[in-house]
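Read the figures in this text as sums done on the coordinates, not as results from a lab. All values derive from a computational prediction rather than experimental measurement. Quick reminder, even Gly has a Cβ in these numbers, built from the backbone with ideal geometry, and neighbours come from all protein chains shown.
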Amino acid sequence: MKILCFGAGAIGSYIAGSLALIGNPLIYVEQPQFIANLKENGVRIEDINGEMHHLKRFDAYGSAEEAFARHDDIDLVITAVKGFNTDDVIRALKPFSARIPAILSLQNGVENEEKYAAVFGEEKVIPCSICTAISRGEQGAIKVAKLRGMGIADTHPICPVLVRECCEAGLKAKLMNDGPAMKWSKMISNLLSNAASAIFNMTPAEVFSDPDSYELEIKQLRETLAVMKAMNISPVNIPGVPIKLLCFAVTSLPSFLAKPALVKAVGGGRGSKMPSFYIDLHAGRKESEVEFLNGAVVRYGSKNGVPTPVNQAYYEVLTKLSAGDLPLNTYERNPKAFRDDFRI
């Protein structure tokens with residue numbers, strides 16, 4: 001496959017780079033100021049066994065116009081950008097819609113695919129969920145910390161070929177029958193202790209050990225499941241993550257049985273490692289992806305008449321913290337004050 005990938009960050013480097021390492025021609029579109037460094041240093045990927053792979057053979061351009069002017073017969077466009085940049089990607093790709101046979105969205109959240117489908121046609125859009133945990137290692141290498149795999153919705157004739165190529169590249173891909181169920185189930189895993197860790201300055205293990213923040217997490221997930229139910233979307237297991245078991249524990253087990261299992265699950269998965277919302281907040285980024293996770297739950301809840309007070313509070317507070325409208329220590333290590341203020 002000839003692949004054009006928007007974004008050469010961690011996810012774009014890992015997925016598109018791995019596919020290029022087994023011989024799929026790769027073209028990156030990245031911000032112009034990053035092109036020289038990308039071409040000079042290439043893409044380094046440290047696999048789960050600790051082996052380092054260095055990709056040097058690829059093309060990189062600062063715009064879609066340059067890429068499409070120099071390349072014909074693109075088989076697949078991969079979008080690996082933050083949700084804030086989805087509209088920019090759509091604007092950049094729209095003039096070349098007729099030359100785009102398929103779009104694979106690697107982005108978190110549940111709204112990007114709808115945006116692509118509205119412009120390029122639903123039949124071209126392939127939802128995908130990346131479940132593997134990656135981080136930055138030495139010399140900026142992408143390090144595979146936990147190889148769970150990836151889910152690819154079976155929405156396009158290219159999907160079986162894509163899954164085969166991803167498996168050959170060591171990405172552990174699985175073809176999924178229900179794209180919306182996969183994306184919402186992945187979002188459930190993204191929601192776990194993400195906003196709470198950022199707002200309360202607590203590790204995921206601490207969030208699930210504290211009685212007040214634990215109760216907030218349970219309510220957050222129950223709200224999300226209620227929204228899904230209203231939309232006739234059921235949770236499904238995604239590669240390496242038993243979402244159905246987690247949802248059963250949250251909705252059906254008494255707290256004294258559910259809590260130890262959740263503490264173990266979250267502690268084993270994240271533990272003392274701070275999640276993305278916390279990292280972005282303390283890096284001084286003015287925008288937070290809470291917009292596309294908790295914010296999406298709130299928006300879909302409103303459309304379907306489902307109240308989502310915890311997701312709304314997380315969304316509102318973290319947005320204000322990111323924008324500098326609230327001091328970072330407003331609810332530091334104090335989830336009880338948060339519950340009291342929002343009466344949840």
Original post:
In the Gaussian network model of the chain, springs joining C-alpha atoms below 10 Å, which of P239, P254, P25 carries the largest mean-square fluctuation?
Top reply: P254
**OP:** Could you list the trypsin sites (Lys or Arg not before Pro) in region 1-99 that lie in coil according to DSSP, counting only those with at most 15 other Cβ atoms within 10 Å of their Cβ?
**Re:** K2, K56, R57
**OP:** Name the shape class, rounded, prolate or oblate, that the alpha-carbon gyration tensor gives for region 3-177, where a ≥ b ≥ c are the square roots of its eigenvalues, rounded holds for a/c under 1.5, and otherwise prolate holds if a/b is larger than b/c and oblate otherwise.
**Re:** oblate
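How much length, in nm to one decimal, is gained on full extension between F248 and D59, taken as 0.36 nm per residue of separation minus their Cα-Cα distance? Numbers along the way, then the final one.
On the way: separation 189, 0.36 × 189 = 68.04 nm, distance 4.65 nm.
That works out to 63.4 nm of additional length.
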Original post:
Sorted by mean Cβ packing within 10 Å, highest first, what order do the peptides 293-299, 137-143, 224-230, 241-247 take?
Top reply: 293-299, 224-230, 241-247, 137-143
Original post:
Please state the Cα pair-distance histogram of the chain with 20 angstrom bins from zero: what percent is in each bin?
Top reply: 30, 58, 12, 0
Subject >> Listed pairs K2/K146; K124/K244; K2/K286; K244/K286; K2/K124; K82/K286 exceeding 25 Å between Cα atoms >> reply: K2/K146; K124/K244; K2/K286; K244/K286
Subject >> GNM result for the chain, Cα springs below 10 Å: residue of Y331, Y28, Y116 fluctuating most strongly >> reply: Y331
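Local charge sum around S105 (other residues, Cβ-Cβ under 15 Å, Lys/Arg +1, Asp/Glu -1)?
-4
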